[in-house]
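The values are calculated or read from the model by the stated rules, or taken from the named source; none is laboratory data. No experiment lies behind these values; they were computed from the predicted model shown. FYI the Cβ positions are ideal-geometry reconstructions off the backbone, even for glycines, and counts take in every protein chain you see.
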Amino acid sequence: MTAAVHEPLRDWYRAYPPFTVGGSLYAVPPAHRAATAAALAERDCRVHVDIIVDAAGRGLGVSRHELDRARALAPGARIDLHLIVADALPAAATAEIVGATVATAARLGVEAVTMDLARIERCPTATTRSTGPASRSGWSTPPGRASRNFPPASTDPW
Amino acid sequence: MFIPPGTKRSADPSMLTEVSRLAATMPTAVDGGITAPVAAQCAAQGATYIVAGRSLLTAASPAPAPAPAPAPRTETHREDLP
């Protein structure tokens with residue numbers, strides 16, 4: 001008797017050029033996230049990571065620990081972060097989280113950090129130091145959202 | 001985004017026109033409730049990066065739970081007893 005081979009991805013991604021499709025780690029249970037990142041990278045898919053912070057500053061999405069494990073298991077993965085912050089979070093806290101996220105992105109070699117344009121405008125101290133091009137990967141988002149490269153921050157509460 | 005971030009709704013097909021408009025001028029990514037058919041439509045409209053979760057990752061949709069075992073028969077149901 002042989003065990004069934006578990007295929008972590010449905011095959012529709014094969015219809016697209018390499019790195020056109022990215023898998024969102026938030027969609028899978030935390031215990032599967034690092035292995036899913038590795039499976040995506042092995043199949044020339046990108047790794048999309050939702051970082052979700054509620055009004056109390058609690059992380060509800062992919063955690064930093066999970067992101068670290070994903071990078072460790074998939075050192076060559078093309079990772080991008082999507083930072084989603086609750087409207088009710090104070091601007092200072094939002095700015096701190098943006099800075100921490102950017103620092104983590106820089107540390108892990110993440111390709112892009114995306115967040116709502118309104119959030120970027122609410123935390124100028126975290127964004128006015130931007131010096132690089134809009135995005136290394138060059139992808140963009142609909143009106144009201146923006147993708148930017150940010151400089152590393154000194155704090156890391158995330 | 002085809003759905004509000006962090007939610008698990010189905011993609012809003014009306015956003016496809018937005019993809020077409022944006023893709024005419026810049027590289028465009030789509031995210032949120034993207035299924036294989038919606039991905040194909042987005043690609044046709046010019047999207048260059050397609051983010052998918054539940055529709056792509058099998059770990060996001062584990063096999064359905066087995067049917068619950070029948071409830072144990074109680075003494076009142078033991079019609080098979082003599």
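Of the residues making up region A:29-60, those that are within 11 Å of chain B (Cβ to nearest Cβ) and touching a Pro at 6+ places or on another chain (Cβ under 9 Å) number 10. Of the conditions (1) crowded, with 16+ Cβ neighbours inside 10 Å; (2) within 8 Å of chain A (Cβ to nearest Cβ), B:Gln41 fails just one. Which one is it? Every condition holds for B:Gln41 apart from (2). For region B:23-35, filtered to residues that are in contact (Cβ under 8 Å) with a residue 12 or more places away in the chain and out of contact with any Ser or Thr (no Cβ under 6 Å at 6 or more places or on another chain), the residue that is surrounded by the fewest Cβ atoms within 10 Å (Cβ to Cβ) is B:Ala24.
Within region A:5-22, the residues that satisfy the criterion of being facing another protein chain (nearest Cβ under 7 Å) and either in contact (Cβ under 8 Å) with a residue 24 or more places away in the chain or in contact with a helix residue (DSSP H, G or I) (Cβ under 7 Å, 6 or more places away or on another chain) (or both) are A:Glu7, A:Pro8, A:Leu9, A:Arg10, A:Trp12, A:Tyr13, A:Tyr16, A:Val21, A:Gly22.
Could you tell me whether any residue of region B:38-56 is small (Gly, Ala, Ser) and modelled with pLDDT under 90? No - not one qualifying residue is present in region B:38-56. Can you find a residue that is under 16 Å from B:Ser61 (Cα atoms) and touching a helix residue (DSSP H, G or I) at 6+ places or on another chain (Cβ under 6 Å) anywhere in region A:48-64? The answer is no, given that none of the residues of region A:48-64 is under 16 Å from B:Ser61 (Cα atoms) and touching a helix residue (DSSP H, G or I) at 6+ places or on another chain (Cβ under 6 Å).
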